[in-house]
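To start, the structure under review is shown below, and the notes come after it.
The values are calculated or read from the model by the stated rules, or taken from the named source; none is laboratory data. Note that the structure is predicted; figures quoted are calculated from it, not measured. Cβ sites come from the backbone with ideal geometry, for glycine too, and all protein chains shown count toward neighbours. The protein model used for the area step is the full one, side chains on, heavy atoms only, and it has no ligands, DNA or RNA in it. Shrake-Rupley method; radii C 1.70, N 1.55, O 1.52, S 1.80 Å.
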Amino acid sequence: MPIQQPSNQIKLTNVSLVRLKKGKRRFELACYKNKVLEYRQGIEKDLDNVLQIPNVFLNVSKGQTAPTAELQKAFGKDAKLDDIILEILKKGELQVGEKERTAQLERVHAEVVSIVAAKLVDPRTKRVYTTGMIEKALDMLSSQAHTNTPEAKSGTATPAADDSEGGAKPVPAAPAKREHHWTGVVATKSAKSQALEAMKALIAHQPIPVARARMKLRVTCSTAVLKQSVKGAKKEAEDGEAKAPGTVKDKILSFVEQVESQDVLGSEWEVVGFVEPGAFKGLSDFIGSETKGQGRVEVLDMAVTHED
């Protein structure tokens, strides 16, 4: 006589699990691979394409479904099954297999390298590097980060002279300056944020000569405000050794690393030039505060490179 499977046990294989601990119990959902991330990103909206079975489990591997009493105890008596499933999907921890985890890391890694390769150039030639060269440079930084241990963490205090009977007292070592390190991609952060970290590390350590590709901007301003004095310029000139730009035009040009052209068209002055990405916010804020709506900044190219 065949052994009957208990009615509350459902055997499932080849699934991705979403787990949520609530009310001292752990609840699980059996989902299709890669669909949970698409659902959380808003790409997939049909739950039938996300859940293998629209039910809550105590243990998916054993096929043990969660009794109604356990669900009510943890989520409340009035909680509906659909609402419980949505809460677990949104707040639960996604468990993926080794193959899926590796594939996800490879995708993020490729996207990070692609972003970095498009934003960094050789400072001498202004040409972009291939993704292969960027990847090798990041691998060098990652290897250094894993093999080198910061001395600052195990630094010793420096003894200082003291006339008291207690003798010399140790002086705590000065905190080390924070440096940018690259240890490799992770699946918990976006590719964009990790690409920014990678660029900072490459620029700081220079395993290959790199610099941020400059932005190409067009700045337009009314000629009526060009010769006006910059607010606080006199005070800056008195306090600091270097003389601050005196007029609005001088201040605008101080942000521009290289001027391509400038001209006066009617009552408007226009300059086209190249700006370091880090200076863009300062220029934009200055135009907004000093010109009172009579100036504007237009981005012509986010990253100027020479690929020929």
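Can you tally the net charge around residue 109? Count Lys and Arg as +1, Asp and Glu as -1, for every other residue whose Cβ sits under 11 Å from the Cβ of residue 109. Surrounding charge for residue 109 is -3.
Each residue was assigned an accessible area with a 1.4 Å probe, and for residue 285 the value is about 80 Å².
Could you provide, to the nearest whole Å², the per residue accessible area of segment 5-121 with probe 1.4 Å?
On the way: 7010 Å² over 117 residues.
Computed with neighbouring chains in place, this is 60 Å² per residue.
What is the distance in Å between the Cα centroid of segment 52-71 and that of segment 75-118? Result: 20 Å between the Cα centres. Each 10 Å bin, from zero up to the one with the longest distance, holds this percent of the alpha carbon pairs of segment 263-307: 22, 50, 25, 4.
Computed from phi, the 3J(HN,Hα) profile of segment 221-227 under the Karplus parametrisation 6.51, -1.76, 1.60 (θ = phi - 60°) reads 8, 5, 5, 5, 9, 4, 8 Hz, with x in place of Gly and Pro. For the peptides 195-202, 291-298, the ranking by mean Cβ contacts within 10 Å, running from highest to lowest, is 195-202, 291-298. Taking Cβ atoms as reference points and 11 Å as the exclusive limit, the residues near residue 202 contribute a net charge of +2, counting Lys and Arg as +1 and Asp and Glu as -1. Per-residue Karplus couplings for segment 209-214, computed as 6.51 cos²θ - 1.76 cosθ + 1.60 with θ equal to phi - 60°, are listed in order as x, 9, 7, 5, 5, 6 Hz, Gly and Pro entered as x. Which pairs in the list 62/91; 99/281; 22/62; 200/251; 33/119 are over 31 Å apart, alpha-carbon to alpha-carbon? Going by Cα-Cα distance, 99/281; 33/119 fall outside the 31 Å limit.
Residues whose amide H falls under 5 Å from that of residue 268, counting only those 5 or more places apart or on a different chain, are 223, with hydrogens built in the peptide plane.
Applying the criteria of a DSSP loop state and at most 12 other Cβ atoms within 10 Å to the trypsin sites (Lys or Arg not before Pro) of segment 16-53 yields 24, 45.
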